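Worksheet: one structure, shown below.
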Amino acid sequence: MSAPEVVEISAADTHPLRLSVLRFDTPTKEVVFPEDTWPGCVHLGLRVDGELVATSSWVPRPLDGRPGVQVRGMATARHLQGTGLGGVLLDTGCQRMADAGHPMVWARARDAALAFYLRHGFTVEGDGFIDEATQLPHHLIVRTLV
């Protein structure tokens, strides 16, 4: 296996992994997010041996009046989850956001993925909730960058 490479991709490039990872067990199969085309939104992917195996979208968006970037659509191919590849993409994205001057990254994380985010420097804020689109339990998570 070659070294993983983080690359900028298009919103459309994220759709297959969003569908197979994030929507396989949810009532909605929608993989297009309104924020995908917002100014400043960046889509990052992780390629291994030329194959796109993880994706994420980074949307400049404040949280409760605090400037920051929301990470959305974080997805790693199911057969590669737990191998560290998702962490490479997440940490690289956070570093890019810090380099761009963003003070914080936040997300609405599935409870099933909370341990992953906590290992990567995020903290939980507030009570859990059921996400309307997925009908799955979520928590708000935040990682301070600068």
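Tabulated data for the structure shown
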| read-out | value |
| --- | --- |
| Counted charge near residue 103, where neighbours are those whose Cβ lies closer than 11 Å (Asp, Glu -1; Lys, Arg +1) | +2 |
| Antiparallel bridge percentage (DSSP; both residues within the chain; nearest 5) | 95 percent |
| Order of 57, 2, 20 - criterion: other Cβ atoms within 10 Å of each residue's Cβ, fewest first | 2, 20, 57 |
| Sorted by Cβ density within 10 Å, fewest first, the residues 53, 7 | 7, 53 |
| Kirkwood hydrodynamic radius (C-alpha pairs) into Stokes-Einstein, the stretch 5-144, 25 °C and 0.890 mPa s, D in µm²/s | 162 µm²/s |
| Packing-based exposure ordering (other Cβ within 10 Å, fewest first) of 61, 110, 143 | 61, 110, 143 |
| Mean ellipticity per residue at 222 nm, deg cm²/dmol - from DSSP H runs of n ≥ 4 across the chain, formula -39500 (n - 2.57) | -5500 deg cm²/dmol |
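Since every read-out is calculated from the coordinates, none of them should be taken as a lab result. Since this is a predicted model, take the numbers as computed values, not measurements. Glycine gets a Cβ as well: all are built from the backbone with ideal geometry, and neighbour counts include every protein chain shown.
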